[in-house]
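As structure tokens, the structure follows; a few thoughts come after it.
The values are calculated or read from the model by the stated rules, or taken from the named source; none is laboratory data. Note that the structure is a prediction, hence the values are computed from the model and not measured. Here the Cβ positions follow ideal geometry from the backbone for every residue, glycine too, while neighbour counts run over all protein chains shown. To get the accessible areas, we keep the full protein, side chains included, count just its heavy atoms, and leave off ligands, DNA and RNA. Shrake-Rupley method; radii C 1.70, N 1.55, O 1.52, S 1.80 Å.
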Amino acid sequence: MELKYKLHMKHILPLILALCLFTNCSKDDAASKDYTYYYPTDEASITNENIPGSTEAFDPKGIAIANEKLYVINGNVLEIFNALTLAHIKTIKEYTKGTTTIPLTSLTSVSIDNGRIYVGSTESRLFVFDEITNAGISTVGNGQWWQTFVHVFGVVAKDGLVFVKEKEKSIKVLDATQITETSDWNLKPIAKLNTLNGYTEVYSMDIFDGNLVVAGRDAKSYLYYNIANIKANAAASLTTPIEPQKVQFVDIKPIAVSFSKEWAVTSENVGSASYLKLYPKSEFNKMNYKAVLSVSDILGQNPFGTIVSTAQLEDRIFLSDNTNKKIRVIKLNKSVIAEQNN
């Protein structure tokens with residue numbers, strides 16, 4: 001099926017200049033008066049029409065990119081696409097290991113690390129698949145909310161740790177080596193984190209420069225947990241969960257966060273509007289929230305719905321727009337404008 005390409009290149013320069021009146025544009029060199037601006041254009045979208053044989057309404061939630069593949073949580077299934085061509089590769093509907101088959105239901109989140117795919121479900125399970133074969137490796141939790149997890153609303157795995165966001169205000173931390181083909185489903189966490197607020201919302205998390213960063217939508221802040229501190233205080237945190245460092249916002253609700261080569265790629269709700277924002281990673285890690293891009297639509301058209309997850313590959317930004325039931329693929333453009341001194 002053809003992708004829906006929507007390019008809006010007409011009158012871009014005036015729109016860039018207008019956009020920069022309302023956003024924080026970066027300034028490369030005050031002496032030369034050269035200004036660098038970033039602006040997005042629509043490139044493509046993914047809906048259920050791009051999934052062969054699909055008859056279900058598209059319900060995108062968590063997304064992730066690894067090894068040029070795009071992983072999309074879609075209701076009760078995990079979809080896999082080629083992240084470069086956007087061609088559909090596979091639909092995973094169930095977890096299978098030996099004679100055990102568990103249908104996937106109520107999925108929320110996905111993360112890929114060290115050859116494994118981690119998939120979270122509000123049915124109080126974390127499914128772990130082999131990234132290459134997609135065969136089941138293990139499940140954590142048995143589907144009963146009073147056991148291992150009280151539902152799962154987010155997951156991120158990196159550098160040997162697995163962070164699992166539960167209902168309300170808890171993140172449980174597992175060591176990836178705990179999860180094996182023969183491990184028990186009822187694994188005990190090595191540490192616990194406190195997200196301050198929360199209930200049953202899908203949460204977005206990522207890791208950068210030694211910190212777990214959580215888009216704390218209910219806390220109205222980005223939440224930072226130093227991983228070295230988590231390890232040092234792991235035992236004590238099982239009794240008193242570790243609280244984050246944060247800067248308190250008034251009207252902003254961070255919904256999604258992910259890190260690419262240059263940027264913290266985020267989505268934030270302000271009132272009824274949803275914004276895509278790009279922050280330089282180094283500044284974001286210092287809690288300096290000066291965005292180089294802050295837009296709620298594409299060049300004045302096609303406003304964003306609630307973006308529950310973000311990812312970037314090269315100059316493409318992928319947005320899981322759950323309100324509009326699509327993955328929006330945005331091209332990030334860069335323009336350098338030199339001010340003439342006459």
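Spin-label model, Glu262 to Ala228: label points 7 Å out along the Cα-to-beta-carbon direction sit 2.9 nm apart. Computed across region 47-190, the Kirkwood radius stands at 15.2 Å (inverse of mean 1/r, all Cα pairs). The share of accessible area on region 92-211 that comes from carbon and sulfur is 47 percent, using a 1.4 angstrom probe.
For the peptides 132-145, 307-320, the ranking by packing is 307-320, 132-145, with the highest mean count of neighbouring Cβ atoms within 10 Å listed first.
Report the calculated FRET efficiency for Glu243 and Ser54 (r = Cβ-Cβ distance, R0 = 35 Å), to the nearest 0.05. Provide the component values of the computation, followed by the final result.
Numbers: r = 42 Å, r/R0 = 1.21.
Efficiency computed from Cβ-Cβ geometry: 0.25.
Please give the per residue accessible area of the chain, computed with a probe of 1.4 Å over protein heavy atoms only, in Å².
On the way: 15420 Å² over 342 residues.
Counting only protein heavy atoms, the per-residue value for the chain is 45 Å².
Helix 12-22 and the longest principal axis of the Cα set of the chain meet at an angle near 70°.
With a simple spin-label model that places each label point 7 Å from the Cα along the Cα-to-Cβ direction, the separation between Asn333 and Thr36 comes to 1.8 nm.
Quick one: work out Rg over Rh on the C-alpha atoms of region 105-231, Rh as Kirkwood radius. Before the final figure, lay out each step's value.
Values: Rg = 13.4 Å, Rh = 14.4 Å.
Rounded to two decimals, Rg/Rh equals 0.93.
Answer rounded, prolate or oblate for the chain, using the Cα gyration tensor with square roots of eigenvalues a ≥ b ≥ c: rounded when a/c is under 1.5, else prolate when a/b is larger than b/c, else oblate. Cα axes put the chain in the oblate bin. Our estimate of slack between Lys325 and Asn67, defined as 0.36 nm per intervening residue step minus the Cα-Cα distance, is 90.4 nm.
Taking 7 Å steps out from each Cα toward its Cβ at Asn288 and Thr180 produces label points 4.7 nm apart.
Whole number please: convex hull volume per residue, Cα atoms of region 91-174, in Å³.
Numbers: hull volume 7.2 nm³, N = 84.
It is 85 Å³ per residue.
The aspartates and glutamates within cross-link reach of Lys97, meaning a Cα-to-Cα straight distance under 18 Å and a gap of 8 or more places when in the same chain, are Asp130, Glu131, Glu181, Asp184. For region 185-301, the number of Lys pairs with C-alpha atoms closer than 13 Å, counting only pairs eight or more positions apart or on separate chains, is 8. Quotient of the Cα radius of gyration of region 210-342 and 2.2 N^0.38 Å, N being its number of residues: 1.20.
Does a label point 7 Å from the Cα of Ser106, set along Cα-to-beta-carbon, have any residues of region 199-224 with amide nitrogen under 14 Å, and which are they? Answer for this model: 200-202. Just the protein heavy atoms count here, and of the accessible area of region 241-342 at 1.4 Å, carbon and sulfur take up 44 percent. For region 178-202, backbone nitrogen atoms closer than 14 Å to the point 7 Å from Ala236 Cα along Cα-to-C-beta are found at 192. Taking Asp42, Asp113, Asp209 and ordering them by how much accessible surface each has at a 1.4 Å probe, largest first, produces Asp209, Asp113, Asp42.
Reducing region 83-136 and region 213-230 to their Cα centroids gives an inter-centroid distance of 26 Å.
Straight-line cross-link partners of Lys167 among the aspartates and glutamates, defined as a Cα under 19 Å from its Cα and at least 8 positions apart when in the same chain: Glu123, Glu201, Asp206, Asp218, Glu243. Over the C-alpha trace of region 73-123, radius of gyration and Dmax come out as 11.8, 35 angstrom.
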